[in-house]
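The values are calculated or read from the model by the stated rules, or taken from the named source; none is laboratory data. Model, not experiment: these values are computed from the prediction. Reconstructed Cβ throughout: ideal geometry from the backbone, glycine too, with neighbour counts over all protein chains shown.
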Amino acid sequence: MINTLQVQLGDRSYPIYMGAGNLDEAELLTRHIKSKQVLIVTNETIAPLYLKQITSHLQDYQLEVAVLPDGEQYKTMVTMETIFAALLNKQFSRNATIIALGGGVIGDISGFAAACYQRGIAFIQIPTTLLAQVDSSVGGKTGVNHALGKNMIGAFYQPQCVIIDIKVLETLDDRQLSAGLAEVIKYGLIRDANFFAWIEANIEKLLARDQDSLTYIIEQSCRNKAEIVASDEKESGIRAILNLGHTFGHAIETGMGYGNYLHGEAVAIGTCQAADLSRRLGWLNDSDVNRIVALFNKAGLPTQPPVDLSTKEFITLMAVDKKNVDGDIRLILLKKIGEASLPLSVERTVLVDTLNNYGRKK
Ligand code: NAD
Ligand code: GLY
């Protein structure tokens, strides 16, 4: 059964199709393609697994494929050149469509290329990781990394649709599944205490890839994300809460070298640091923080910051963040489990206390 959820954005509204076997549904895809010119962007890991399934639906199209190298370290302006070359070599015009077939890296880079090519062509998200299905494929944040900062170059650019097929998660390894769970837990923490408790109660089933449980978290996550994006597409307010743990997390990803910590792993650690800071402000108590750390641990995620990243390095890296204003570091924190704060700057001494103490050996 195909479950459809609409991201309500006026004339930029689009459907998220969720179900098992959606990659076999040719019409689901072709109804969103407006001309004969189609470029599929994927990577060398995903191509052997799912490319044929998609190309089989597009025999009547002028179809091109760009297979990118796999890894966060390739989410760069340089890699985008491959996409532009593929489009230009075949003289693709403004009514062409890009299909992003892959995880968050492929989705972010393809979406940004679509936003830039001839000032904007259509694109379709076919997310193949849990993380991409519950978060990155929805909401139109597209972009690439810079050596000095994660996701610092990009655009808000919405897809035509998002096609989620839960079956592709069968080939995803356990580490990547856990990384996706970090963003799922995030939705519970920022706005839905009952969902957080549900994840706590069902974490073993999720790790065992129980289909009903995975379907439930994908639907809940997409619903949460679609509601937030619909109310604040370009992050002038509430959308920022989706960045819980991300300022710490992005510092870890950049500081440790892109790809060494998965995005979801860095977010898990960063969320624990944000929880510790929230405790120092008197918003969470010890038992809340222990509950949060325990759930990430059970989900197979790291919860301690890397020993190699000093407090000073953290602060330098955290100073490069899109939520900052006039160089002031602003964080999303937790007022309680199920309620996030808007971005706020805290006393530097409190931030330093967290960085010096949370997860550090005495
Ligand atoms: P990823 O895209 O690197 O994919 C993880 C790994 O899984 C890769 O090696 C990939 O080749 C492999 N893979 C993908 N699908 C597979 C499948 N079905 N079977 C087997 N292997 C598969 O990582 P990710 O976790 O999907 O995404 C992380 C990226 O998403 C980061 O760059 C992050 O910044 C970005 N992100 C963006 C948003 C947004 O709103 N745009 C939100 C969250 C994260
Ligand atoms: N992943 C953060 C956002 O989409 O806003």
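Taking the numbered list (1) of a type in the set (A, V, I, L, M); (2) touching a helix residue (DSSP H, G or I) at 6+ places or on another chain (Cβ under 8 Å); (3) surrounded by fewer than 22 Cβ atoms within 10 Å (Cβ to Cβ) in turn, Ala268 passes all entries but (3). Scanning the stretch 319-362 for residues that are over 22 Å from Gly282 (Cβ atoms) and either surrounded by 20 or more Cβ atoms within 10 Å (Cβ to Cβ) or at pLDDT 95 or above (or both) yields a count of 1.
Taking helices (runs of 4 or more DSSP H) as the structural unit, those lying wholly within the stretch 185-290 and holding at least 1 residues that are within 21 Å of Leu172 (Cβ to Cβ) and touching a Pro at 6+ places or on another chain (Cβ under 8 Å) correspond to 263-280. Screening Asn151 with (1) crowded, with 22+ Cβ neighbours inside 10 Å; (2) modelled with pLDDT under 95 gives one miss only, at (1). State all residues of the stretch 109-161 that are basic (Lys, Arg), more than 12 Å from the chain's Cα centre (by Cα) and within 14 Å of ligand 2 (Cβ to nearest atom); if no residue qualifies, say none. Passing the criteria: only Lys150. The residues of the stretch 271-292 that are buried (at least 20 other Cβ atoms within 10 Å of the Cβ) and within 22 Å of Ile217 (Cα to Cα), listed by number, are Thr271, Cys272, Ile292. Among the residues making up the stretch 156-176, those that are among the aliphatic types (A, V, I, L, M) and either crowded, with 22+ Cβ neighbours inside 10 Å or away from ligand 1 (no atom under 11 Å from the Cβ) (or both) are Val162, Ile163, Ile164, Val168.
Filter the stretch 237-267 down to the residues that are farther than 14 Å from Ile332 by Cα and of a type in the set (Gly, Ala, Ser), then identify the one that is nearest to the chain's Cα centre (by Cα).
Filtering the stretch 237-267 down to residues farther than 14 Å from Ile332 by Cα leaves 251-266.
Next cut, of a type in the set (Gly, Ala, Ser) only: 251, 255, 257, 259, 264, 266.
Working: Ala251: 16, Gly255: 19, Gly257: 18, Gly259: 14, Gly264: 8, Ala266: 12 Å.
So the residue we want is Gly264.
Please go through the stretch 50-75 and give me each residue that is part of a loop (DSSP other than H, G, I, E, B) and within 16 Å of ligand 2 (Cβ to nearest atom), ordered by number. Lay out the reasoning, then the answer.
Pass one, the stretch 50-75, residues part of a loop (DSSP other than H, G, I, E, B): 56-61, 69-71, 75.
Hit for the stretch 50-75 is Lys75, nothing else.
When you scan the stretch 78-96, do you find a residue that is away from ligand 1 (no atom under 13 Å from the Cβ), buried (at least 24 other Cβ atoms within 10 Å of the Cβ) and at pLDDT 95 or above, even just one? Yes: the stretch 78-96 contains one or more residues that are away from ligand 1 (no atom under 13 Å from the Cβ), buried (at least 24 other Cβ atoms within 10 Å of the Cβ) and at pLDDT 95 or above. Number of residues in the stretch 337-358 that are assigned to a loop (DSSP other than H, G, I, E, B) and touching a helix residue (DSSP H, G or I) at 6+ places or on another chain (Cβ under 7 Å) equals 6. Of the residues Ala122, Ala100, the single one that is surrounded by 24 or more Cβ atoms within 10 Å (Cβ to Cβ), at pLDDT 95 or above and among the small types (Gly, Ala, Ser) is Ala100. Under the condition of being of a type outside the set (S, T, N, Q) and away from ligand 1 (no atom under 12 Å from the Cβ), which residue from the stretch 116-138 is nearest to Glu170 (Cα to Cα)? Going through the qualifying residues, I end up with Ile124. Only residues that are part of a helix (DSSP H, G or I) and among the aliphatic types (A, V, I, L, M) were counted across the stretch 162-184, and they come to 8.
Inspect the stretch 277-290 for any residue being at pLDDT 95 or above, of a type in the set (Val, Ile, Thr) and touching a Ser or Thr at 6+ places or on another chain (Cβ under 6 Å) and give the result as yes or no. The answer is no, given that none of the residues of the stretch 277-290 is at pLDDT 95 or above, of a type in the set (Val, Ile, Thr) and touching a Ser or Thr at 6+ places or on another chain (Cβ under 6 Å). Residue count for the stretch 96-155, restricted to those that are among the aliphatic types (A, V, I, L, M) and over 18 Å from Gln73 (Cβ atoms): 15. Of all residues in the stretch 97-108, those satisfying the criterion of being of a type in the set (Val, Ile, Thr) and more than 15 Å from ligand 2 (Cβ to nearest atom) are Thr97, Ile98, Ile99, Ile106.
Table: residues versus (1) of a type in the set (Asp, Glu); (2) on the phi > 0 side of the Ramachandran plot; (3) more than 15 Å from the chain's Cα centre (by Cα); (4) surrounded by 19 or more Cβ atoms within 10 Å (Cβ to Cβ).
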{"position": "Ser178", "(1), (2), (3), (4)": "no, no, no, yes"}
{"position": "Leu181", "(1), (2), (3), (4)": "no, no, no, yes"}
{"position": "Phe195", "(1), (2), (3), (4)": "no, no, yes, yes"}
{"position": "Trp198", "(1), (2), (3), (4)": "no, no, yes, no"}
{"position": "Ala201", "(1), (2), (3), (4)": "no, no, yes, no"}
{"position": "Leu207", "(1), (2), (3), (4)": "no, no, yes, no"}
{"position": "Arg223", "(1), (2), (3), (4)": "no, no, no, no"}
